[in-house]
Amino acid sequence: MKKQIKIGDRLITETSPTFIVAEMSGNHNMDFDRAVEIMKAAKQAGADAIKIQTYTADTITLDCDAPCFQITQGTLWDGVTLHKLYETAYTPWEWQPKLKELAQDMGLLLFSSPFDFSSVDFLEEMDVPAYKVASFEITDIPLIRKIARLGKPVILATGIARLADIELAVQTCREEGNEQVILLKCCSAYPTPYEDVNLRTIPSMAQTFDCLTGLSDHTMGSAVATGAVALGARMVEKHMTLRRSDGGPDAAFSMEPQEFKEMVDNIRTVEKALGKVTYDLSDKQTREREHSRSLFVAQDMKAGDVFTPDNLRSVRPADGLHTKYYEQLLGKKIARDAKMGTPMTWDLVGE
């Protein structure tokens, strides 16, 4: 049975068009109108959905200056505490129902990443069509269990996950009777070096966990996302902003609208080119075969002349005998006179 998951009115299968998600994250820069403009730009660029994040600094971490709460991993945000970062990056909860309504009016789906039980309850009141579990929350099994019980699609990012972490998260969903799992290959480095992406993991995840797969991408440009689709990704998520120069917590590795549109166009082109496994020729290719090589008389010949490499050649077009008979014909005699340019046929071959 083919795997299929429905998010809103969109059916995602192994053969459906890639479901493309614009991640707003903190790129609204705490300006509601800017958030709306990002959504409009995402729609115009060809996104299927907009994704936000539902947390406050206090629901995601503690307001603590202890060393373990300091960001020191060589990221864009080194030098501040987790709490201070999230104070600047969160999306105000009072915006979110209105953003969902506006997205719907634009023809966009909107869903979110919750980060604690209260945000799941809040999003369920909003009736979001799916839940994304962020990379760093894939180890939060109580959170995943609560989400899975709701019976909606669960999108799991695997940015910091070992194989056992993915296995436990998927198993937790299935224990709750939820088979609607999409696994996103992800690398939690911002921006991600290309050599750390390892796109070949995508088909491996699909086979290992019997899930639809995708990519949550933090690289620069669209090459990686396009390549992921060629390897079977059914969902692609990229951060989007209006202008990187406007700043913000995620601006440096986010796409601008024109870049996002180019990515969508490239993905749609690759989808057309992927096609199906076939060795049949199209009508156009069949006509092109008329210019392939075959055997021709290459010099004027008299009846009884012997075929040699000089007077029997493999050339274009394809009107003569197949080239596989070349050696077989050498040394035989021609049955009647023939001019240079005569396609070889069996009735030209004498004793």
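The values are calculated or read from the model by the stated rules, or taken from the named source; none is laboratory data. Predicted model only: the values in this text are computed from it and were never measured. Here the Cβ positions follow ideal geometry from the backbone for every residue, glycine too, while neighbour counts run over all protein chains shown. Surface areas here come from the heavy atoms of the whole protein model, side chains and all, with no ligands, DNA or RNA. Shrake-Rupley method; radii C 1.70, N 1.55, O 1.52, S 1.80 Å.
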Restricting attention to the stretch 210-237, the residues that are without any contact (Cβ under 8 Å) to a residue 60 or more places away in the chain and open to solvent by less than 20 Å² (accessible area, probe 1.4 Å) number exactly 8
The condition from (1) charged (D, E, K, R); (2) open to solvent by 40 Å² or more (accessible area, probe 1.4 Å); (3) closer than 22 Å to Ser16 by Cβ that Asp121 misses is numbered (3)
When every residue in the stretch 174-203 that is surrounded by 14 or more Cβ atoms within 10 Å (Cβ to Cβ) and among the small types (Gly, Ala, Ser) is compared, the one nearest to Ala252 (Cα to Cα) is Ala189
Output for Cβ contacts, cut-off 7 Å, separation at least six or different chains, first residue free of Cβ contacts under 8 Å to residues at least 12 places away in the same chain in the stretch 76-102, second open to solvent by 40 Å² or more (accessible area, probe 1.4 Å), reads Asp78/Thr72
Sole miss for Gly341 among (1) part of a loop (DSSP other than H, G, I, E, B); (2) within 15 Å of Glu351 (Cα to Cα) is condition (2)
Asn266 vs (1) modelled with pLDDT of 95 or more; (2) open to solvent by less than 20 Å² (accessible area, probe 1.4 Å); (3) not hydrophobic (A, V, I, L, M, F, W, C): all pass except (2)
Within the stretch 166-180, the count of residues that are in contact with an Asp or Glu (Cβ under 9 Å, 6 or more places away or on another chain) and either of a type in the set (S, T, N, Q) or touching a residue at least 60 places away in the same chain (Cβ under 8 Å) (or both) comes to 0
Within the stretch 126-139, of all residues that are farther than 20 Å from Leu110 by Cα and surrounded by fewer than 17 Cβ atoms within 10 Å (Cβ to Cβ), the one modelled with the lowest pLDDT is Phe136
Per the list (1) free of Cβ contacts under 8 Å to residues at least 24 places away in the same chain; (2) among the aromatic types (Phe, Trp, Tyr); (3) open to solvent by less than 60 Å² (accessible area, probe 1.4 Å), residue check on Tyr279 breaks on (3)
Taking first residues from the stretch 114-142 that are touching a residue at least 12 places away in the same chain (Cβ under 8 Å) and second residues anywhere that are part of a loop (DSSP other than H, G, I, E, B) and among the small types (Gly, Ala, Ser), the pairs with Cβ under 6 Å that are 6 or more apart or on different chains are Pro129/Gly8; Ser135/Gly159; Ser135/Ser188; Ile138/Ala161
Exercise. Taking Ala230 as the residue in question, decide whether it is more than 30 Å from Trp346 (Cα to Cα), at pLDDT below 95 and out of contact with any Gly (no Cβ under 8 Å at 6 or more places or on another chain).
Key: no
Quiz prompt | Arg316 being at pLDDT 95 or above, in contact with a helix residue (DSSP H, G or I) (Cβ under 9 Å, 6 or more places away or on another chain), among the basic types (Lys, Arg) and over 12 Å from Leu295 (Cα atoms) | solution = no
Checked the stretch 288-303 for anything more than 56 Å from the chain's Cα centre (by Cα) and open to solvent by 30 Å² or more (accessible area, probe 1.4 Å); matches are Gln299, Asp300, Lys302, Ala303
Selection over the stretch 1-34 where residues are farther than 14 Å from Phe111 by Cα, of a type in the set (A, V, I, L, M) and in contact with a helix residue (DSSP H, G or I) (Cβ under 9 Å, 6 or more places away or on another chain) yields a count of 1
If we ask which residues in the stretch 312-348 are without any contact (Cβ under 8 Å) to a residue 24 or more places away in the chain and open to solvent by less than 60 Å² (accessible area, probe 1.4 Å), their number turns out to be 3
